[in-house]
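> Dropping a structure here in structure tokens format, bear with me for questions.
The values are calculated or read from the model by the stated rules, or taken from the named source; none is laboratory data. What you see is a predicted model, and the numbers here were worked out from it, not measured in a lab. FYI the Cβ positions are ideal-geometry reconstructions off the backbone, even for glycines, and counts take in every protein chain you see. The protein model used for the area step is the full one, side chains on, heavy atoms only, and it has no ligands, DNA or RNA in it. Shrake-Rupley method; radii C 1.70, N 1.55, O 1.52, S 1.80 Å.
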Amino acid sequence: MIEIKNLNKHFGQFHALKGINLNVKENEIYGFIGHNGAGKSTTMNIMAGLSHFEEGMCIINGQDVKKLAKPGDLNIGFLPENPQFYPWMTAIEYLLYCSKNPNKQKVKEIIEWAGLEQHANRKIRGFSRGMKQRLGLAVALINDPKLIILDEPSSALDPEGRSEVLRLMVDLKNMGKTIIFSSHILSDIERICDRIGMIANGEMIFEKTLASLLHDNVKPIFDIEFRHPLITSQLEKLGNHKDILKVETKDNVIMVQLRQNDLDPKNLLETVLGFDVPIVGFNLRKNNLESLFVKEGD
Amino acid sequence: MFKEFKKEWQFATRSGRLFILIMSFLFLALMTPIMLKVLIPEIFRMQFPNLSMEDIVLMVNASQLTAVQGFMSDLFELGMIIVVFTLCSIMAQEIRDNTLVFPIVSGNKFVNIIASKTVFFGLTVGLLVMGSIMICYAYSGILFEFEVPLQDVLYAGMLQGLYFIFIIANLIMWGALLKRTLPTGFITLVIAYLMQAVGGLFDIHAYLPSGLIDFSSKLQFQTQNIMTSTLVTVIFIMIMFVITHVSMKKMEFNIR
């Protein structure tokens, strides 16, 4: 659905995108992550045909973006980071205005899907941020596109609004749509994405499935709580263990990071049982994207 | 294209811009004859108490002709400022506020967006100009006497209307180029007044859009000059349309 190769873009002297490569497959939810100013929105603007680039290739829905007569020819749905509407229009009027083939029944269905049926005839100027975001999703869907590009759809929303937007995105995937969305809220990415691409300083850092990303990059960490603090010799023994990468202590709790993902924790457990100090807890810390994001960002 | 016109109509009515334009033109159309008939003679009478009413009437030279000519002069001076600052945002603000992002991605063509703005606001202002000139003509005819041929006034109204379409095309083009509302308004006003000054100074009104204003406000219609000026104005409007279209095709949207 999306094939981007060696994409380069400058804003004056500033090299915003430095040879980006990105691929999005059909019917997947692709999470595009990166710090503020990393180049996410610039890449998405190019994908939507709203921005130009100097070098590289960008194929969307089989069409070369550089050869487009107008952005609308891409037949995509696009939700910008700050969706702007005509505040003097009602939600229904706006959806009809953005429809290629205005159909009141279809507009009504999409408004219901977005949960805006009670506000359909209200002027958009009175909408909350969450309602605008849902209306933006409805607009992105109005022309029945196969590919939907969403720039920070859940940021600036309260937890309830975020959950609602994520639910709508999963709905869209179930309808057979392909979605690429950017966010810096990593828990959102973890919740719904099939694959993830990370950009930093205009360069693509990686592009992987969530599971392989965590497996390859985040080493397992065990939190072991003892009834009494360990003595120095016991800590040294742990530190010198062949399977252990790092040991940190805080009061009675020892944080142990293993060298590899597939190491059996049995060896570690046997070692700590040999200390003859009662163990209160032995937990594998859940790996998450947050730790990786901080690491790559650094 | 129809939905674009509908959108511009909704914008003009719901933002209050159409109301502002109608009330302003109506006010100017009704005030000019009243000024000539009542206010100016009254001011003269208070300033020069020794003058008789007949002398004052001679000094003021109030008639339907002077009322209509005075109104057309007001249209160029005051009416233009009102139109320019009421409508300077029609393109610039859309680009600046990113309200064009959804319509463009949804498939709306640049040419339709520009054409709907030019035609809708051009026709609206053109009709308002013609209508207000007719109101001034009728009201001054009632206050004084009908001395100006109706067809001359209609003709003048059409020429002034065309000139205002040229002004709208300026607002759209400069809006697309500058992307800022007030500079768009100011540059349009500078162009209009500069053109009027240059046309008068070098006697080249016939080759400029300002000729439409000059010939119509004098109610003197030399076919050759008017044809030239009309043609030049239409060519200017077309050129500005093309420049706006090229500029929008090269434009980057949704930029922070």
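> Go through the range A:244-264 and give me each residue that's part of a loop (DSSP other than H, G, I, E, B) and surrounded by 15 or more Cβ atoms within 10 Å (Cβ to Cβ).
Of all residues in the range A:244-264, those part of a loop (DSSP other than H, G, I, E, B) come to A:251-252, A:259-264.
The answer is A:N252, A:L263.
> Looking only at helices (runs of 4 or more DSSP H) that lie completely in the range A:156-231, which have at least 2 residues being farther than 27 Å from A:M1 by Cα? Spell out how you get there, then give the answer.
Numbers: elements: A:159-174, A:186-192, A:210-217.
Result: A:159-174.
> Among the residues in the range A:210-227, are any at pLDDT 90 or above, within 30 Å of A:A140 (Cα to Cα) and either more than 10 Å from the chain's Cα centre (by Cα) or polar (S, T, N, Q) (or both)?
no
> Limited to the range A:119-155, what total is found for residues that are in a strand (DSSP E or B) and open to solvent by less than 10 Å² (accessible area, probe 1.4 Å)? Spell out how you get there, then give the answer.
To start, the set of residues in the range A:119-155 that are in a strand (DSSP E or B) comprises A:123, A:147-151.
This time we only want the ones that are open to solvent by less than 10 Å² (accessible area, probe 1.4 Å), so: A:147-151.
So the count comes out to 5.
> Take the range A:268-278 and flag every residue that is surrounded by 14 or more Cβ atoms within 10 Å (Cβ to Cβ) and either in a loop (DSSP other than H, G, I, E, B) or touching a residue at least 24 places away in the same chain (Cβ under 8 Å) (or both). Walk me through it before giving the result.
Looking only at the range A:268-278, we keep the residues that are surrounded by 14 or more Cβ atoms within 10 Å (Cβ to Cβ), and these are A:268-269, A:271-272, A:275, A:277.
A:L268, A:T271, A:V272, A:F275, A:V277, listed by residue number.
> Filter the range B:206-256 down to the residues that are assigned to a loop (DSSP other than H, G, I, E, B) and within 22 Å of B:I133 (Cβ to Cβ), then identify the one that is least open to solvent (accessible area, probe 1.4 Å). If you could, list the steps in order and put the result at the bottom.
At the first step, the residues of the range B:206-256 found to be assigned to a loop (DSSP other than H, G, I, E, B) are B:208-209, B:219-222, B:251-256.
Among the residues that remain, those that are also within 22 Å of B:I133 (Cβ to Cβ) are: B:208-209, B:219-222.
On the way: B:L208: 30, B:P209: 0, B:L219: 24, B:Q220: 114, B:F221: 54, B:Q222: 124 Å².
By that ranking, first place goes to B:P209.
> Select, from B:T66, B:T99, B:T13, B:T86, the only residue that is within 14 Å of chain A (Cβ to nearest Cβ) and within 30 Å of B:S140 (Cα to Cα). Before you say what the answer is, go through the steps one by one.
Details: B:T66 fails: within 14 Å of chain A (Cβ to nearest Cβ); B:T99 fails: within 30 Å of B:S140 (Cα to Cα); B:T86 fails: within 14 Å of chain A (Cβ to nearest Cβ).
Selected residue: B:T13, the only one of B:T66, B:T99, B:T13, B:T86 that is within 14 Å of chain A (Cβ to nearest Cβ) and within 30 Å of B:S140 (Cα to Cα).
> Hey, another quick one. Filter the range B:62-77 for residues that are more than 13 Å from B:C136 (Cβ to Cβ) and not charged (D, E, K, R) and give the result.
Listed by number, the residues that qualify are B:A62, B:F76.
> While we're on this one: Quick check on the range B:203-223. Is at least one of its residues without any contact (Cβ under 8 Å) to a residue 24 or more places away in the chain, more than 14 Å from chain A (Cβ to nearest Cβ), touching a Leu at 6+ places or on another chain (Cβ under 8 Å) and not aliphatic (A, V, I, L, M)?
No.
> Restricting to the range A:53-102, and then to whatever is away from chain B (no Cβ under 12 Å) and in contact (Cβ under 8 Å) with a residue 40 or more places away in the chain, can you tell me which residue is surrounded by the fewest Cβ atoms within 10 Å (Cβ to Cβ)?
Kept after step one, since they are away from chain B (no Cβ under 12 Å), are these residues of the range A:53-102: A:54-59, A:61-67, A:91-92.
Now narrow it down to the ones that are in contact (Cβ under 8 Å) with a residue 40 or more places away in the chain: A:54-59, A:61, A:91.
Details: A:E54: 9, A:E55: 12, A:G56: 17, A:M57: 14, A:C58: 22, A:I59: 16, A:N61: 15, A:A91: 27.
Applying the filter and picking the extreme gives A:E54.
> Please determine whether any residue of the range B:56-73 is in a helix (DSSP H, G or I), β-branched (V, I, T) and in contact (Cβ under 8 Å) with a residue 40 or more places away in the chain. First the steps, then the outcome.
So the first thing to find is which residues in the range B:56-73 are in a helix (DSSP H, G or I), and the list is B:56-60, B:64-73.
With β-branched (V, I, T) added as a condition, the list becomes B:56-57, B:60, B:66, B:68.
Add one more test, that the residue is in contact (Cβ under 8 Å) with a residue 40 or more places away in the chain, and what stays is B:68.
Checked the range B:56-73: at least one residue is in a helix (DSSP H, G or I), β-branched (V, I, T) and in contact (Cβ under 8 Å) with a residue 40 or more places away in the chain.
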